[in-house]
Amino acid sequence: MRVIVTGATGLIGSAVVRRLTADGHAVWPVRHWDFDLRLPSDIAKVRWKAADTVVHCAARLGGIAAQKADPSAAVLDNLLMGAQVIDACAKAKSPSCSGTKLVFISSSTVYPMRIGDDDEGNPGYMTAKEDWPCIPEPLYRGVGGVKVYLESLIDFYTDSFGLQSVILRPTAVYGPGDRSDHVIPDLIRRALAHEDPLVVWGDPYTVRDFVYVDDVASAVACAVAKPQLPGPFNVGSGERTTIRHLAQTILATIRGAQWVTAREDNSSVGPILYDTTKPTAIPFRAVSIERARLVLNWKPEVMLEEGIRRTVEWFRGKKAKG
């Protein structure tokens, strides 16, 4: 199969290129230094009609500090890129081509937080499911709101042009190649620089669902291999991880579990200092991945400890190279 991957040098895009190439697909990477997908003139240069599938990974990202500093920074770029790629895929028809299928990388930021009974019947924050209404939390109304709009635009092009599509909603993605300022690469960089104590922003019991990038690429591969599928699919680890456990895992991977335990037992501060005065995200985000398991026949393979180990190794190699 001939597959275009936008954002091919980014965290998700590069992993998707590796996975689809390994699966035997003819992969055409769209790199930001070759094509600026915000520009109609560059959109016109991409061979959309020659491809069977497009995986749209290109996005402008930013961590919590960047969103607090400029909540609108990523809005226009992501809107322009997404809308033009969707339009190009929908209209990529010729006598020999019925159209180009789109695998769209959305985000779990489309979901609101909800309080109610969880899967075990206990009251508290609920795990997000695909049938929830897409009403992003105020902090994510920019980046999440763009994803909500682009998903609705895909529905419009499906009705108007017969666009084939699969929508994936990853949670907090991490792994080798992550050059962002999100929590995992930020903590790894500072832990490798021997920050002591390691300062972590916000509440240690904030919960996230961290999914390893190769597992996201695996979900993309499943979506590429199937025809259009109704509705979106959550892509996560299926695990709830507190920021405290994350920070401890990173420090244990870099400094050793015994060092972390000794510091916790013998220091008034300990190896980690939680700074609740710093900007923090919403207290809970986790998703159900049952639909992806059942329909895509996909499941995550890399759990947090192994994923952190691989990511730390990549950062160490990058640091050694200067």
Just name the residue that is farthest from the chain's Cα centre (by Cα) out of those in segment 240-276 that are under 24 Å from PRO136 (Cα atoms) and not in a helix (DSSP H, G or I).
THR276
Every residue from segment 1-47 that is among the polar types (S, T, N, Q) and either touching an Asp or Glu at 6+ places or on another chain (Cβ under 8 Å) or farther than 21 Å from ARG179 by Cβ (or both):
THR21, SER41
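Here is a yes/no grid of residues against (1) within 30 Å of TRP48 (Cβ to Cβ); (2) among the hydroxyl-bearing types (Ser, Thr, Tyr); (3) surrounded by fewer than 22 Cβ atoms within 10 Å (Cβ to Cβ):
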| site | (1), (2), (3) |
| --- | --- |
| VAL166 | yes, no, no |
| THR171 | yes, yes, no |
| VAL183 | no, no, no |
| ASP186 | no, no, yes |
| PRO197 | no, no, yes |
| ASP214 | yes, no, yes |
| VAL220 | yes, no, no |
| GLY231 | yes, no, yes |
What do you reckon, is ASP131 closer than 18 Å to VAL287 by Cβ, surrounded by fewer than 19 Cβ atoms within 10 Å (Cβ to Cβ) and not hydrophobic (A, V, I, L, M, F, W, C)?
yes
Given the criteria of a type outside the set (Asp, Glu) and part of a strand (DSSP E or B), does VAL173 qualify?
yes
Got a sec? Which of LEU273, LEU304, LEU251 is surrounded by fewer than 15 Cβ atoms within 10 Å (Cβ to Cβ) and not hydroxyl-bearing (Ser, Thr, Tyr)?
LEU273
Does SER180 count as within 22 Å of ALA73 (Cα to Cα) and in a loop (DSSP other than H, G, I, E, B)?
yes
Condition check for VAL211: within 15 Å of PRO300 (Cβ to Cβ) and either part of a strand (DSSP E or B) or in contact with a His (Cβ under 6 Å, 6 or more places away or on another chain) (or both)
yes
Those residues that are over 20 Å from the mean Cα position of the chain (by Cα) and in a loop (DSSP other than H, G, I, E, B), I need them from segment 105-125; list them, please.
ARG114, ASP118, ASP119, GLU120, GLY121, ASN122
Qualifying position, being crowded, with 20+ Cβ neighbours inside 10 Å and either in contact with a helix residue (DSSP H, G or I) (Cβ under 7 Å, 6 or more places away or on another chain) or not polar (S, T, N, Q) (or both), among GLY162, GLY175
GLY175
Filter result for the condition that a residue is under 15 Å from ILE184 (Cα atoms), basic (Lys, Arg) and outside any strand (DSSP E or B), over ARG293, ARG309
ARG309
Give me the residue from segment 148-194 that is under 26 Å from THR127 (Cα atoms) and aromatic (Phe, Trp, Tyr) and, out of that set, nearest to the chain's Cα centre (by Cα).
TYR174
Report, by residue number, each residue of segment 196-213 that is farther than 24 Å from TYR111 by Cβ, of a type in the set (Asp, Glu) and either touching a strand residue (DSSP E or B) at 6+ places or on another chain (Cβ under 9 Å) or modelled with pLDDT of 95 or more (or both).
none
Among the numbered criteria (1) outside any loop (DSSP other than H, G, I, E, B); (2) farther than 19 Å from THR109 by Cβ, which one does GLN228 miss?
(1)
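The values are calculated or read from the model by the stated rules, or taken from the named source; none is laboratory data. Predicted model, so just to flag it, every value in this text is computed and none were measured. Every residue, glycine as well, gets a Cβ built from its backbone with ideal geometry; the counts of neighbours run over all protein chains shown.
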